[in-house]
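Q: Input: one structure, supplied below.
The values are calculated or read from the model by the stated rules, or taken from the named source; none is laboratory data. Here the structure is a predicted model, which means the values were calculated and not measured. Positions of Cβ are backbone-derived with ideal geometry, glycine not excepted, and every protein chain shown enters the neighbour counts. Heads up: the accessible areas ignore ligands, DNA and RNA and are worked out on the full protein's heavy atoms, side chains in. Shrake-Rupley method; radii C 1.70, N 1.55, O 1.52, S 1.80 Å.
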Amino acid sequence: MAMMLRADLGLDPWDAFHQGISERTSYSIGTVTIAVGVLALLLWIPLRQRPGLGTISNVVVIGLVVDGALALMPTPDSLAVRAPLLVFGIVLNGAATGLYISARFGAGPRDGLMTGLHARTGRSIRVVRTGIELTVLAAGFAMGGSVGLGTVLYALTIGPLAQFFLRICAVPGAEESGSTVVARSETTTDESDAIDTADTPVTHGRPEGAESPTPDRI
């Protein structure tokens, strides 16, 4: 996130959405971000998602890390520096999504929408995430959020990146561990939920005794 801010080539869809709401209200972008996170958690209820340690950490830690990174990272003027910052920021966001969701301590509020819709609809992570990002992008742009090349690039690539890193970062045997601290979907899934190398989705929780598929952020 800090890299994308320093690149100054367009905010990611969610932050463009937050900025758009902020500009139409009297609230700061930070307050709007928190409020949207709470509303996203409410949407978990019909999706039968449950928050975990990762959910709370996502809200608290990200803000602190971004502030620290911005304090240490200079603002570049050259496009030759800003463009790589944008690309690295997007790729690292995809990697972070794969790492913290694979840890199975619960998705963040917005990523929980992705995993919940994935489990309920049977669509792949790539399709669900890209659909969410494009929807939020359109809403943010309509409200006056900062949209640029980086926004469009993020919206189109974060879905495939998230699915790729979720597959790469999968913890072997995690489904059989029976951990009680991870956030799981209460939706019962079937064998069609298993991931393949292209578009098949991932299950994040199966009935005891069922065959576990190869698992697939943010």
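Q: For residue 146, what is the net charge nearby, where nearby means another residue's Cβ is under 15 Å from its Cβ and Lys, Arg count +1, Asp, Glu -1?
A: Once all neighbours under 15 Å are counted, the net charge is -1.
Q: OK, next. Mind listing which chymotrypsin sites (Phe, Trp or Tyr not before Pro) in the range 14-115 are in a DSSP loop and have 11 or fewer other Cβ atoms within 10 Å?
A: Here no chymotrypsin sites (Phe, Trp or Tyr not before Pro) fit, given the DSSP loop and packing criteria.
Q: Here is a follow-up. Given charges of +1 on the Cβ of Lys and Arg and -1 on the Cβ of Asp and Glu, with all other atoms neutral, how large is the dipole of the range 1-129 about its Cα centre, in debye to the nearest 20?
A: Value, rounded to 20: 680 debye.
Q: Report the rotationally averaged projected area of the range 26-102 based on its alpha-carbon convex hull, in square nanometres.
A: Dividing the Cα hull surface by four gives the mean projection, 7.1 nm².
Q: Please work out the average accessible area per residue across the range 79-175, using the 1.4 Å probe convention, and give it in Å².
A: Solvent-accessible surface per residue comes out at 41 Å².
Q: At a 1.4 Å probe radius, carbon and sulfur cover how many percent of the accessible area of the range 1-114?
A: Heavy-atom surface of the range 1-114 belonging to carbon and sulfur, 1.4 Å probe: 72 percent.
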